[in-house]
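*Asks:* Here it is, the structure, as structure tokens.
The values are calculated or read from the model by the stated rules, or taken from the named source; none is laboratory data. Worth saying up front: this structure is predicted, and the values here are computed from it rather than measured. Heads up, the Cβs are rebuilt from the backbone with ideal geometry, glycines too, and the neighbour counts pull from every protein chain shown.
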Amino acid sequence: MYKFTLITLLVFISSSCVSVQEVPDVVGISQMHNRIAVLPIDAHIERKIWMNQEKYLELNRLKSEETQQRVYRYLQFYSRNGSLHAEVLSPEEVNSMLHGAGYPNANLNNDALCSLLQVDAVIYGQIQISEPISEAAAMAITSINNNTTPITNIVELDLKMYDAKSATIIWDSDQINRGQMGSIKENMQKQVCRRAVRNMPYNLKKKRYKKAYREMNGF
């Protein structure tokens, strides 16, 4: 079993932070991937009083597929600029095969998913979106005390990369984006997805991965 290395990457005035855990040879392992797939991201949005159970589940499903699409599109960006050589299956192709196998109700572990999709690695995880207080409440608090900065939106994304050959998670990223009054949840969700993909070992333009790749190839 691989040991993880914890790296705290970004801290912005206590409003946003990213932490990454990865195995020491994550670049070497990920460079062996020829086909990868992004699974639907498990989504949990804050339930509002007006949401019945059916509506709540439907909104979570839509957010799951939306986040999956975003992660895929950012991966495609790195594929186009030459940082990522592996083929990334489209969400439509992935979801079609998953649906045919009865996912997520079918009991399929990561190895079974990799075999089903015929990929070398899968990327999966969860996103949580909450609103601690409303904009109106934040404005009321600020009007009383100008020194306070209430948090009105929180977006947390946890992504993992599972390597089929070693049968283990080789990369795990967790980040929290806290937005103050006036923040837009949609923009915050784009930010966490973009940041997560930027910190994947496929991005060989990132300094620490670039260095590891050069050392691995004797440059």
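*Asks:* For region 85-105, does any single residue satisfy the condition of being part of a loop (DSSP other than H, G, I, E, B) and of a type in the set (V, I, T)? Before the answer, list the steps.
*Replies:* In the first step, residues of region 85-105 are kept if they are part of a loop (DSSP other than H, G, I, E, B); the result is 85-86, 89-90, 101-105.
Now narrow it down to the ones that are of a type in the set (V, I, T): none.
Within region 85-105 (the criterion being part of a loop (DSSP other than H, G, I, E, B) and of a type in the set (V, I, T)), the answer is no, since none of the residues qualifies.
*Asks:* With the checklist (1) at pLDDT 95 or above; (2) part of a helix (DSSP H, G or I) in hand, flag the one item A37 doesn't pass.
*Replies:* For A37, the failing item is (2).
*Asks:* Another question about this same structure. Does region 133-150 contain at least one residue that is within 15 Å of the chain's Cα centre (by Cα) and more than 25 Å from N60 (Cβ to Cβ)?
*Replies:* Scanning region 133-150, I find no residue that is within 15 Å of the chain's Cα centre (by Cα) and more than 25 Å from N60 (Cβ to Cβ), so the answer is no.
*Asks:* What about L84, is it modelled with pLDDT of 90 or more and of a type in the set (A, V, I, L, M, F, W, C)?
*Replies:* For L84, the condition - modelled with pLDDT of 90 or more and of a type in the set (A, V, I, L, M, F, W, C) - is not met.
*Asks:* Here's another thing I want to ask about it. Which one of these is without any contact (Cβ under 8 Å) to a residue 40 or more places away in the chain and touching a strand residue (DSSP E or B) at 6+ places or on another chain (Cβ under 7 Å): D158, D120? Spell out the reasoning first.
*Replies:* Values: D120 fails: without any contact (Cβ under 8 Å) to a residue 40 or more places away in the chain.
Checking each option against the conditions leaves just D158.
*Asks:* Can you name the number of the only condition in (1) within 21 Å of the chain's Cα centre (by Cα); (2) exposed (fewer than 15 other Cβ atoms within 10 Å of the Cβ); (3) not small (G, A, S) that W50 fails?
*Replies:* For W50, the failing item is (1).
*Asks:* Follow-up. Hey, could you check region 191-219 for residues that are part of a helix (DSSP H, G or I) and hydrophobic (A, V, I, L, M, F, W, C) and say which is surrounded by the fewest Cβ atoms within 10 Å (Cβ to Cβ)?
*Replies:* M216
*Asks:* Here is a further query. Going residue by residue through region 115-125, is there one that turns out to be over 21 Å from V20 (Cα atoms), in a loop (DSSP other than H, G, I, E, B) and either at pLDDT below 95 or in contact with a Phe, Trp or Tyr (Cβ under 7 Å, 6 or more places away or on another chain) (or both)?
*Replies:* No, region 115-125 contains no residue that is over 21 Å from V20 (Cα atoms), in a loop (DSSP other than H, G, I, E, B) and either at pLDDT below 95 or in contact with a Phe, Trp or Tyr (Cβ under 7 Å, 6 or more places away or on another chain) (or both).
*Asks:* When both residues are 6+ apart or on different chains and their Cβ atoms are under 8 Å apart, which pairs have a first residue that lies in region 48-67 and is under 17 Å from V192 (Cβ atoms), and a second that is of a type in the set (D, E) and surrounded by 12 or more Cβ atoms within 10 Å (Cβ to Cβ)?
*Replies:* If the second residue must be of a type in the set (D, E) and surrounded by 12 or more Cβ atoms within 10 Å (Cβ to Cβ), the pairs left are S64/D42.
*Asks:* Now a separate question. Can you spot a residue in region 180-190 that is part of a strand (DSSP E or B), out of contact with any Leu (no Cβ under 6 Å at 6 or more places or on another chain) and over 18 Å from D42 (Cβ atoms)?
*Replies:* yes
*Asks:* Same structure, new question: Counting just the residues of region 1-34 that are part of a strand (DSSP E or B) and surrounded by 15 or more Cβ atoms within 10 Å (Cβ to Cβ), which one comes out modelled with the lowest pLDDT?
*Replies:* Among those residues, the one meeting the criterion is L9.
*Asks:* While we're here: Looking at region 57-84, which of its residues are outside any helix (DSSP H, G or I) and in contact with a helix residue (DSSP H, G or I) (Cβ under 6 Å, 6 or more places away or on another chain)?
*Replies:* Matches in region 57-84: L84 only.
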